[in-house]
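K.L.:
Would you mind keeping the following structure in view while I ask a few things?
Please treat every number below as a calculation from the coordinates, not as lab data. What you see is a predicted model; the values in this text were computed from it and never measured. Note that we place each Cβ from the backbone using ideal geometry, even for glycine, and neighbour counts take in every protein chain shown.
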Amino acid sequence: MTAIAGFSEMVTRNLRQSGIFAAFVLIVLLFSLLNSNFLSPGNLTNIVLQYSYILILAIGMVMVIVLGQIDLSVGSVVALTGAVAAVLVIRNGAPWWVGALAALAVGGLVGMWQGFWVAYVGIPGFIVTLAGMLLFRGMTYRVLDNVSLSPFGGTYYDVANGFSTNGWFGGYGVDVFTLVIFGLAVVGYAVSQWRTRMGRIAYQQVVESMPIFVAKIAVVAVVVMAFGYQLAQYRGLPNILILLAVLILAYSVITQRSVFGRHIYAIGGNLNAAQLSGVKVRKVTFWTFVNMGLLAGVAGVVFSSRMNGAQPSAGNMFELDAIAAAFIGGASTTGGVGRVTGAMTGALIMAVMSNGMQLMGVPQSIQQMVKGLVLLLAVAFDVWNKRRADAR
Amino acid sequence: MSSTVAATRVPVLAIRQVSKRFGPVEALVDVDLVVHPHEVVALVGDNGAGKSTLAKVVSGVMAPDSGVIELDGEPVAIASPSDAHQAGIATVFQDYALCENLDVTANLFLGRELRERSLMRDGEMERVARGILRVLTSRIPSVRTPIAHLTAGQRQTVAIARTLIGSPRLVILDEPTAALSVAHTAEVLNHIERLRELGLGVVLISHNLNDVRAVSDRIEVLRHGRNNGSFDTRNVSQEELLAAITGATQVPEPRPSDVGR
Ligand SMILES: Nc1ncnc2c1ncn2[C@@H]1O[C@H](COP(=O)(O)OP(=O)(O)OP(=O)(O)O)[C@@H](O)[C@H]1O
Ligand SMILES: [Mg+2]
């Protein structure tokens, strides 16, 4: 493999990934030019809080999509789990953590139910979760007796709205804890990039030239620290951001480094080969749906906390946002391809676009049209990119 | 390695009186097959003769209706592909394809990843993968190349290399050269000879009698799911083989493959 071929290959292979990041940066730049408030500390915090549940759902969704399935029920599951928590905490006065754990348990049970039908009965996920979408929405209405419940208040409310770590390390007007955490994140990123680079060099694979490598890390560091500084100036680290960071790290490891994750990719890539190779297809499929249910439960807690209550119609269409995030983030419609980090970028693109257009006062109708077109174009770009790669 | 020398040892695989039907179709009827270490046994026969079915029965993909499978003289039950792998049976299936979205290492170790708790030992797997590809003297660019970027021949090399993960004693190859060019076929035949040198028993299923004659020690013919002749590769003529495959001759008794019993 010559260095030149290797380089062009690297660019094609990474085009999708670098393309999605470039698109994200461009959209952020565009909105910050159009609206001076966009990059304000308050608004950045707001974006994180407002779309956190879509990011959480997108983590599970990209795994389901890589498996070659789809889950249309997550919006209803968000509503159902939030409703269960609300009935326990608001109506029956249970402690906040009882409500949260019950929501997770319900999410897990929902996942087992759907995983059973998909994995062991062999009904396509599309059908099972379409049924689930209706089933769990109906259950939500029953659980809530057709009325909304509010407010949670207290610790439950703080889950998605609090800044518990603010002031741990002190600081006047700027939260030091936030800056320390972001600093650690930058160092961690730089170290992992350096190790990847060393690994590639050891296998005589192509790497960027040193100045480009340093510049890339510097740019990331500046952007991340700028974001952290803005948050620190506002109210510090939102609890939700900590939860998200933990989930994203954990699921990146699960999908990229664990045997379970590898088997999800194998099943989505070639079901027959996976089966003949001894991959336990049913078991992996079942647990991928259980995992999706659990994450929908987490999103249910976060959303009901954020809304400070539960409504029968909560979470409507969330499944579509989560699915769009996964596809914009590079997941393949035929399965086997997609990454948690990609889905997160996809979800952030959706979040930033929604927020930016809201700030500019773009009507809801136009917002939907724009989001629809972005999804279409992102997948079209994928298809085009793949064809071009195949044609070579 | 000649079959007469091999026959004096315990066969690595002995199939006795195995039958399998699919509804009205008798895919296998009382089939016998014996394979020794250091031996390449070719399994030939017309389309639908039952060759792939036999491979699947031995690899744990489907269970036989009746009959016994012995490994190193011990009767065994092989209920799943993982069981077969545990027992040291490695198979390249006819309709087997690799996961194109995964790289060479991931495909080699699929279903049998080296792990530390539930995390994979990526570095170790790559090291072993490189070693195995070196044994097969293959021309795979890198163990990190996704399968989608490989040629048909390179993919077949990966499929065969897969059989060397763990410590197999028996390798079954179901038409490994069917889709390959002359050059790639030669490469695969080289791999098969390498497997024999490593002391494995090899079952080669093929329609290509030239390939079969080039690498096998013994040729077993299946016809309509039944044994229909067993020949020493060095002493058999093309006409005899064709006659057995097409049914112009009937089963010769006793079969030379039974000598080792
Ligand atoms: N899963 C199955 N269900 C029903 N019938 C089957 C199945 N698998 C094989 N058969 C039938 O069993 C018979 C033997 O098939 P098999 O695939 O073993 O033949 P083969 O010798 O491998 O043929 P080929 O050279 O075409 O690969 C055929 O008649 C086939 O149609
Ligand atoms: Mg066959």
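K.L.:
Quick one: grab Rg to one decimal and Dmax as a whole number for region B:3-258, Cα atoms only, in Å.
P.N.:
Reported Rg and Dmax, both Å: 18.0, 58.
K.L.:
With point charges of +1 on the Cβ of Lys and Arg and -1 on the Cβ of Asp and Glu, referenced to the Cα centre of the protein assembly as shown, which listed residue (A:P363, A:F327, A:L55) lies farthest in the positive direction of the dipole?
P.N.:
A:P363
K.L.:
Give the distance, in whole Å, between the Cα centre of region B:79-108 and the Cα centre of region A:48-76.
P.N.:
That distance is 31 Å.
K.L.:
When the convex hull of the C-alpha atoms of the protein assembly as shown is computed, what volume per residue in Å³ does it have? List each step's numbers first, then the result.
P.N.:
Numbers: hull volume 116.8 nm³, N = 653.
With only Cα atoms used, the protein assembly as shown gives 179 Å³ per residue.
K.L.:
A:L144: net charge of surrounding residues, Cβ under 15 Å, Lys/Arg +1, Asp/Glu -1, itself excluded?
P.N.:
On the way: positive: A:R91, A:R137, A:R142; negative: A:D145.
Summing Lys and Arg as +1 and Asp and Glu as -1 gives +2.
K.L.:
Between the DSSP loop rule and a limit of at most 10 other Cβ atoms within 10 Å, which trypsin sites (Lys or Arg not before Pro) in region B:142-206 are left? Write down the numbers at each step before the final one.
P.N.:
Details: sites: B:R144, B:R155, B:R162, B:R169, B:R194, B:R196; in loops: B:R144, B:R169.
Filter output for region B:142-206: empty list.
K.L.:
Which percent, nearest 5, of DSSP beta bridges in the protein assembly as shown are antiparallel? Working shown, then result.
P.N.:
Numbers: 24 of 42 bridges.
The answer is about 55 percent antiparallel.
K.L.:
If you take every residue apart from A:V121 with its C-beta less than 15 Å away from the C-beta of A:V121, what net charge results, scoring Lys and Arg +1 and Asp and Glu -1? Provide the component values of the computation, followed by the final result.
P.N.:
Working: positive: A:R282, A:K283; negative: none.
Its environment carries a net charge of +2.
K.L.:
Determine the alpha carbon to alpha carbon distance for each of A:K280/B:K51; A:K283/A:K386; B:K20/B:K51 and list only those over 22 Å. Show your work: numbers first, answer last.
P.N.:
Values: A:K280/B:K51 26 Å; A:K283/A:K386 31 Å; B:K20/B:K51 12 Å.
Where the Cα-Cα span goes over 22 Å, the pairs concerned are A:K280/B:K51; A:K283/A:K386.
K.L.:
With 10 angstrom as the radius, rank B:V128, A:V340 by how many other C-beta atoms surround their C-beta, starting from the fewest. Let's see the in-between values first.
P.N.:
Numbers: B:V128 18, A:V340 26.
With the fewest neighbours first, B:V128, A:V340 line up as B:V128, A:V340.
K.L.:
Could you run the Karplus curve 6.51 cos²θ - 1.76 cosθ + 1.60 with θ = phi - 60° over region A:143-151 and give me ³J(HN,Hα) per residue in whole Hz, x for Gly and Pro?
P.N.:
4, 8, 6, 6, 10, 7, 10, 6, x
K.L.:
Please give the contour-minus-distance gain from A:K386 to A:L109: 0.36 nm per residue of separation, less the Cα-Cα distance, rounded to one decimal in nm.
P.N.:
Separation in residues times 0.36 nm, less the Cα-Cα distance, equals 95.9 nm.
K.L.:
At q = 0.15, 0.27 Å⁻¹, what is the log10 ratio I(q)/I(0) for region B:103-147, with the Debye formula run over Cα points and no solvent?
P.N.:
Log10 of I(q)/I(0), two decimals: -0.35, -0.99.
K.L.:
Separate question: Hey, if you drop one equal point scatterer on each alpha-carbon of region A:302-380 and run the Debye formula without solvent, what base-10 log of I(q)/I(0) do you get at q = 0.16 Å⁻¹?
P.N.:
Log10 of I(q)/I(0), two decimals: -0.69.
K.L.:
On to the next question. Could you tell me what percent of the DSSP beta bridges with both partners in chain B are antiparallel, to the nearest 5? Before the final figure, lay out the partial values.
P.N.:
Working: 22 of 40 bridges.
Here the antiparallel bridges make up roughly 55 percent for chain B.
K.L.:
If you don't mind, there's one more thing I want to ask. Please list A:62-68, B:212-218, A:49-55, A:195-201 highest first by mean number of surrounding beta-carbon atoms within 10 Å per residue. Walk me through the intermediate numbers first.
P.N.:
Details: A:62-68: 27.9, B:212-218: 20.7, A:49-55: 23.3, A:195-201: 12.4.
By packing density, highest mean first, the sequence is A:62-68, A:49-55, B:212-218, A:195-201.
K.L.:
FRET efficiency for B:S237 and B:E26, Cβ-Cβ distance as r, R0 = 25 Å, nearest 0.05? Kindly include the intermediate steps, with their values, before the conclusion.
P.N.:
Details: r = 30 Å, r/R0 = 1.18.
Efficiency computed from Cβ-Cβ geometry: 0.25.
K.L.:
Another question, if that's okay. With a cut-off of 8 Å between alpha carbons and a minimum separation of six or more residues, what is the relative contact order of chain B in percent?
P.N.:
Details: 501 pairs, mean separation 70.7, N = 261.
Once divided by the residue count of chain B, the mean separation gives 27 percent.
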